[in-house]
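**Student:** My questions will all concern the structure given below.
The values are calculated or read from the model by the stated rules, or taken from the named source; none is laboratory data. All values derive from a computational prediction rather than experimental measurement. With ideal geometry, Cβ positions are generated from the backbone for all residues, glycine too; neighbour counts draw on all protein chains shown.
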Amino acid sequence: MIDADDGQRLAPYLRRHATREQFREFVLNRSVYRLKEADPHSFGIPRLEGAAKAALVEIESDEYGGGRPERMHSELFRTTMRWLGLDDSHGRYVAEVPAVTLAVSNVMSLFAIHRRWTAALIGHLAALEMTSCSAHAAHSSSTTSSPSTS
Ligand SMILES: [Fe+2]
């Protein structure tokens with residue numbers, strides 16, 4: 001699906017061409033999910049076994065900063081929000097974002113709370129992680145003084 005999408009890639013556009021206001025709008029929309037990042041996928045842990053469970057825990061550990069609160073991806077995102085002058089309170093912008101933004105976030109919650117959607121939940125996380133490697137690499141190699149886009 002990702003390879004078949006011939007639209008302009010968002011991350012390169014944001015990095016090279018977006019205005020500060022466009023980037024701010026992007027971050028505001030992404031905050032609906034990013035401030036609860038990894039939480040929905042945690043519901044998959046007790047539903048898996050063996051190598052799949054171990055792999056999910058490894059990914060989730062990174063999402064939660066490997067035991068370092070300042071490295072939690074949601075906290076890194078909060079740094080970006082504050083840098084842009086946005087309120088980093090969870091759910092602050094829910095009433096302001098379009099339905100499509102809410103749908104993206106809500107589908108993760110749907111997958112998380114219903115056991116029958118466990119495969120979709122894990123598939124969603126895999127797709128999310130596979131398409132955000134460069135952004136996550138930026139997390140790992142940068143300080144918290146610069147904004148992140150993941
Ligand atoms: Fe993340």
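**Student:** If you take the residues in segment 22-43 that are more than 15 Å from the ligand (Cβ to nearest atom) and not basic (K, R), which one is nearest to I113 (Cα to Cα)? It would help to see each step written out before you state the result.
**Tutor:** Initially, segment 22-43 is screened for residues more than 15 Å from the ligand (Cβ to nearest atom), giving 22-26, 28-29, 43.
Cutting the leftovers down to not basic (K, R) gives us 22-23, 25-26, 28-29, 43.
Details: Q22: 33, F23: 31, E25: 29, F26: 27, L28: 25, N29: 23, F43: 7 Å.
Restricting to residues being more than 15 Å from the ligand (Cβ to nearest atom) and not basic (K, R), the top hit is F43.
**Student:** Hey, another quick one. Test G91 against the stated conditions and say whether it is over 23 Å from A11 (Cα atoms), away from the ligand (no atom under 16 Å from the Cβ) and modelled with pLDDT under 95.
**Tutor:** Values: over 23 Å from A11 (Cα atoms): yes; away from the ligand (no atom under 16 Å from the Cβ): yes; modelled with pLDDT under 95: yes.
In short, yes.
**Student:** May I pose another question? What are the residues in segment 1-44 that are part of a helix (DSSP H, G or I) and surrounded by fewer than 12 Cβ atoms within 10 Å (Cβ to Cβ), if any?
**Tutor:** Quick first cut of segment 1-44, residues part of a helix (DSSP H, G or I) only: 10-16, 20-34, 39-42.
Once the filter is applied, which keeps residues that are part of a helix (DSSP H, G or I) and surrounded by fewer than 12 Cβ atoms within 10 Å (Cβ to Cβ), segment 1-44 yields P12, R16, R20, E21.
**Student:** Related question: Report yes if T118 is assigned to a helix (DSSP H, G or I), within 18 Å of V27 (Cβ to Cβ), away from the ligand (no atom under 12 Å from the Cβ) and at pLDDT 95 or above, otherwise no.
**Tutor:** Values: assigned to a helix (DSSP H, G or I): yes; within 18 Å of V27 (Cβ to Cβ): no; away from the ligand (no atom under 12 Å from the Cβ): yes; at pLDDT 95 or above: yes.
Spelling it out, it is not the case that T118 is assigned to a helix (DSSP H, G or I), within 18 Å of V27 (Cβ to Cβ), away from the ligand (no atom under 12 Å from the Cβ) and at pLDDT 95 or above.
**Student:** Can you tell me which condition A103 does not meet? The list is (1) away from the ligand (no atom under 15 Å from the Cβ); (2) within 26 Å of F23 (Cα to Cα); (3) touching a residue at least 60 places away in the same chain (Cβ under 8 Å); (4) in a helix (DSSP H, G or I), and all the others hold.
**Tutor:** Condition (3) is where A103 drops out.
**Student:** Next question. Take segment 61-88 and flag every residue that is acidic (D, E) and either within 11 Å of the ligand (Cβ to nearest atom) or in contact (Cβ under 8 Å) with a residue 40 or more places away in the chain (or both).
**Tutor:** Just the residues of segment 61-88 that are acidic (D, E), to begin with: 62-63, 70, 75, 87-88.
Within segment 61-88, D62, E63, E70, E75, D88 qualify.
**Student:** Among the residues of segment 71-94, count how many are under 16 Å from the mean Cα position of the chain (by Cα), assigned to a helix (DSSP H, G or I) and of a type outside the set (S, T, N, Q).
**Tutor:** Of the residues in segment 71-94, 7 are under 16 Å from the mean Cα position of the chain (by Cα), assigned to a helix (DSSP H, G or I) and of a type outside the set (S, T, N, Q).
**Student:** V57 - would you say it is of a type outside the set (K, R), part of a helix (DSSP H, G or I), within 16 Å of the ligand (Cβ to nearest atom) and surrounded by 19 or more Cβ atoms within 10 Å (Cβ to Cβ)?
**Tutor:** no
**Student:** Follow-up question, since we're still on this one. Return only the number of the condition from (1) touching a Lys or Arg at 6+ places or on another chain (Cβ under 9 Å); (2) of a type outside the set (G, A, S); (3) modelled with pLDDT under 90 that M1 does not satisfy.
**Tutor:** (1)
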